[in-house]
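Presented below is the structure to which this report refers.
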Amino acid sequence: VPADAPGPPASHPPADHGHYFDDDPQVSSAPTSVELTLPDLSVSLSTDRGVFSRDRIDPGTKLLLIDAPALESPDGTLVDLGCGYGPIAVALAHRAPRAQIWAVDVNRRAVALAAANLAGHAGARAVHPDDVPSDLEVDEIWSNPPIRIGKPALHELLDTWHARLRPDGRMVLVVHRHLGADSLHRWLESTGRPTTRVASRMGYRLLEVRAE
Ligand SMILES: C[S@@+](CC[C@H](N)C(=O)[O-])C[C@H]1O[C@@H](n2cnc3c(N)ncnc32)[C@H](O)[C@@H]1O
């Protein structure tokens with residue numbers, strides 16, 4: 001197994017760190033950096049306490065960026081939903097330099113880090129969900145979604161964003177089976193969204209959810 005192979009899913013953050021999906025993490029700042037190393041990209045990203053997976057690129061995120069099918073709309077509008085410090089958005093910006101990219105997160109410290117990590121990518125911005133235009137239409141949503149917000153909130157989040165997809169659009173999600181990937185797949189199908197498991201490795205499922 002290569003040293004950088006995806007490992008088990010990230011564990012809960014220590015209790016005194018609060019939740020990584022807090023709007024404003026109370027934990028004190030301690031900026032650091034992690035390396036995002038992919039077959040097509042090597043870049044150092046700024047991270048901090050109080051954001052998801054601040055010490056390493058999350059293994060699920062890495063698997064998404066390595067195993068997912070190629071971008072379908074490199075000139076379109078792409079979203080990294082729940083961007084954290086922005087590894088997915090940065091990879092999308094690298095792979096699709098002409099795309100409009102929205103990196104979106106409720107955690108304002110994460111939004112600031114993602115904005116810094118996206119500096120230099122003219123078509124990319126990082127925003128809080130309140131700052132997403134209500135009429136935004138999207139070609140592709142890439143996400144390591146916030147499972148830990150709970151099923152009702154997750155379903156509402158996916159409903160909201162799925163509704164923004166253009167007719168040919170899709171979502172690409174990575175979820176570990178221990179975090180409910182297969183029940184999420186069943187829920188997506190049961191709500192009429194055509195969903196395919198496009199890859200499965202080390203317990204992670206990559207789900208492609210078509211707009212229609
Ligand atoms: C599993 S983490 C993934 C972070 C990052 N994409 C990565 O791969 O390292 C999920 C992210 O979703 C964010 N989040 C939680 N609720 C959200 C919401 N309603 N809208 C947008 N992002 C949300 C969390 O703050 C967290 O950063």
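The values are calculated or read from the model by the stated rules, or taken from the named source; none is laboratory data. In this text the structure is predicted, and so the values were computed from the model without any measurement. Counting neighbours? That spans all protein chains shown, and the Cβs are built from the backbone with ideal geometry, glycine included. Calculation scope for accessible area: heavy atoms of the full protein, side chains included, ligands and nucleic acids excluded. Shrake-Rupley method; radii C 1.70, N 1.55, O 1.52, S 1.80 Å.
Rounded, prolate or oblate: which fits the range 80-212 when a ≥ b ≥ c are the square roots of the eigenvalues of the alpha-carbon gyration tensor, with rounded for a/c under 1.5 and prolate only if a/b beats b/c? Judged from the Cα gyration tensor, the range 80-212 comes out prolate (a/c at least 1.5, a/b above b/c).
Ligands, DNA and RNA left out, the accessible area of the chain computed with a 1.4 Å probe is 51% carbon and sulfur. Of the trypsin sites (Lys or Arg not before Pro) found in the range 71-119, those that fall in a DSSP loop while having at most 10 other beta-carbon atoms within 10 Å are Arg98.
Per residue, the convex hull spanned by the alpha carbons of the range 29-144 comes to 88 Å³. Net charge within 11 Å of Ala96 by Cβ-Cβ distance, Lys/Arg positive one each and Asp/Glu negative one each, not counting Ala96 itself? Charge balance in the 11 Å sphere: -2.
In this rough spin-label picture, where each label sits 7 Å from Cα along the Cβ direction, the Arg210-Ser73 distance is 1.5 nm. In this simple spin-label model, placing a label point 7 Å from the Cα along the Cα-to-Cβ direction at both Arg95 and Ala153 gives a separation of 2.8 nm.
With a cut-off of 14 Å between beta carbons, the residues surrounding Asp135 carry a summed charge of 0, where Lys and Arg count +1 and Asp and Glu -1.
Our summary gives the chain a relative contact order of 17 percent, counting only alpha carbon pairs under 8 angstrom and 6 or more residues apart.
Each Lys and Arg Cβ is given +1 and each Asp and Glu Cβ -1; about its Cα centre, the chain then shows a dipole of about 480 debye. Net charge of the neighbourhood of Ala110, taken over other residues with C-beta under 15 Å away and scored Lys/Arg +1, Asp/Glu -1, is -4. The accessible area of Arg201, taken with all protein chains in place and a 1.4 Å probe, comes to roughly 80 Å². Averaging Cα coordinates gives a centre for the range 94-135 and one for the range 31-51; these two points are 16 Å apart. Suppose R0 equals 22 Å; then what is the FRET efficiency for Ser33 and Ala122 from their Cβ-Cβ distance, rounded to the nearest 0.05? Computed FRET efficiency for Ser33 and Ala122 comes out at 0.45. Computed over protein heavy atoms with a 1.4 Å probe, the accessible surface of the range 131-212 works out to 46 Å² per residue. Fully extending the segment from Ser44 to Asp135, taken as 0.36 nm per residue of separation minus the present Cα-Cα distance, adds 29.4 nm. Taking every C-alpha pair closer than 8 Å and separated by at least 6 residues, the mean separation divided by the residue count of the range 129-212 gives a relative contact order of 31 percent.
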